[in-house]
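To keep things clear, I will list the structure first and then write my remarks on it.
The values are calculated or read from the model by the stated rules, or taken from the named source; none is laboratory data. Values in this document were obtained by computation on a predicted structure and should not be read as measured data. Heads up, the Cβs are rebuilt from the backbone with ideal geometry, glycines too, and the neighbour counts pull from every protein chain shown. Calculation scope for accessible area: heavy atoms of the full protein, side chains included, ligands and nucleic acids excluded. Shrake-Rupley method; radii C 1.70, N 1.55, O 1.52, S 1.80 Å.
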Amino acid sequence: MNRVPFLSIIFMGISAFAGFLIPIVLCIYFKKKKRADIPPFFVGCFIFLLFSMILETLIHRVVFSSAVGTGIRNNVILYAIYGGLMAAVFEEFGRLFAFKIILKKYRDKNINALMYGAGHGGFEAAAVLGFTMISNLMLAMMINSGRIESLLGTLAGGTLTQLQTSISILTLSSPYIFLLGIVERICAIAIQISLSVLVWFSLKSNKSLFVTALLIHFIVDAITVVLAGIHMPAVIIEAALVIIATVLAVFAGKVYRKNMVNLM
């Protein structure tokens, strides 16, 4: 069996570290430099956990255990529409709930919208990048130590196929691929912060911004799913995310400045 390149292991470690470091740095920055409140950060973490990782996941399990779910999985366009819609609905309504109910007394500081987004996107970074890379590192160690063979012998069916796919990815992918996750998460956090700004000001000045946030979230996720579904090279997907995140950040920045009323 092929071994996982040493450089790949190093890059996985760097990505895992970045997944946990980025949200911490953002929290400290918004607190120290922009005088944001701390609670919105942790509310952002909680809302992502509850609405995306728990509630949305429960719906996915129900849908994909049905014949309809099988049809969705087998069609890239349907899967993109479904995935984009679910992510947009759960995350944006979660954001709205947080701002309208939980963080009502923190709405006097507009910078708290960015602090919330750092928590929402930061928790996602820790979950998606940090813990995933730790899992990859553990699997890589088993592969290189020769212990993976005994594990493969105990598995069958879909679980075996999934593990074999993971092994192929780790052993055959170019090492730099494992650094692209950092770029992806930075873009994702920028998008989450931008969407937080739109939903924040939808409550304070322009209700249509909430619909805008829903549509943007749906489109971004759907595009990402389609690009991955047609096996577009990872570099192309990340380049598209960089462009999307940059455009959205500029738009959200304009909304922020236009609606800025309270001094921080």
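Taking segment 1-46 as the range and being crowded, with 16+ Cβ neighbours inside 10 Å, of a type in the set (S, T, N, Q) and more than 16 Å from the chain's Cα centre (by Cα) as the test, only 8 passes.
Test of understanding: among 205, 196, which residue is open to solvent by less than 50 Å² (accessible area, probe 1.4 Å), closer than 24 Å to residue 115 by Cβ and hydroxyl-bearing (Ser, Thr, Tyr)? Working first, answer last.
Working: 205 fails: open to solvent by less than 50 Å² (accessible area, probe 1.4 Å).
Answer to the selection: 196.
Taking the condition in contact (Cβ under 8 Å) with a residue 40 or more places away in the chain, open to solvent by 60 Å² or more (accessible area, probe 1.4 Å), within 22 Å of the chain's Cα centre (by Cα) and within 30 Å of residue 248 (Cβ to Cβ), does residue 186 pass? Here the answer is yes, as residue 186 does meet what is asked. So, of the residues in segment 116-131 that are within 12 Å of the chain's Cα centre (by Cα) and open to solvent by 20 Å² or more (accessible area, probe 1.4 Å), which turns out to be nearest to residue 11 (Cα to Cα)? So, considering only residues that are within 12 Å of the chain's Cα centre (by Cα) and open to solvent by 20 Å² or more (accessible area, probe 1.4 Å), the one nearest to residue 11 (Cα to Cα) is 128.
Among the candidates 255, 197, 235, 211, which residue alone is of a type in the set (Val, Ile, Thr), modelled with pLDDT of 95 or more and either in a loop (DSSP other than H, G, I, E, B) or under 18 Å from the mean Cα position of the chain (by Cα) (or both)?
Being of a type in the set (Val, Ile, Thr), modelled with pLDDT of 95 or more and either in a loop (DSSP other than H, G, I, E, B) or under 18 Å from the mean Cα position of the chain (by Cα) (or both) holds for just one of 255, 197, 235, 211, which is 197.
Residues considered: 150, 202, 173, 168. Of these, the only one that is among the hydroxyl-bearing types (Ser, Thr, Tyr) and modelled with pLDDT of 95 or more is 202. Only one of the numbered conditions (1) within 19 Å of the chain's Cα centre (by Cα); (2) open to solvent by 40 Å² or more (accessible area, probe 1.4 Å); (3) within 29 Å of residue 13 (Cβ to Cβ) is not met by residue 245, and that is (2).
Of all the helices (runs of 4 or more DSSP H) wholly in segment 121-186, which have at least 1 residues that are at positive phi? Write out each step before concluding.
Numbers: elements: 131-145, 148-152, 157-172.
Result: 157-172.
With respect to the conditions (1) under 30 Å from residue 253 (Cβ atoms); (2) within 22 Å of the chain's Cα centre (by Cα), residue 202 lacks only one, and its number is (2). Cβ separations smaller than 7 Å between residues 6+ apart or across chains give the following pairs from segment 98-122 residues that are among the charged types (D, E, K, R) to residues that are outside any helix (DSSP H, G or I) and open to solvent by less than 50 Å² (accessible area, probe 1.4 Å): 109/36; 109/37.
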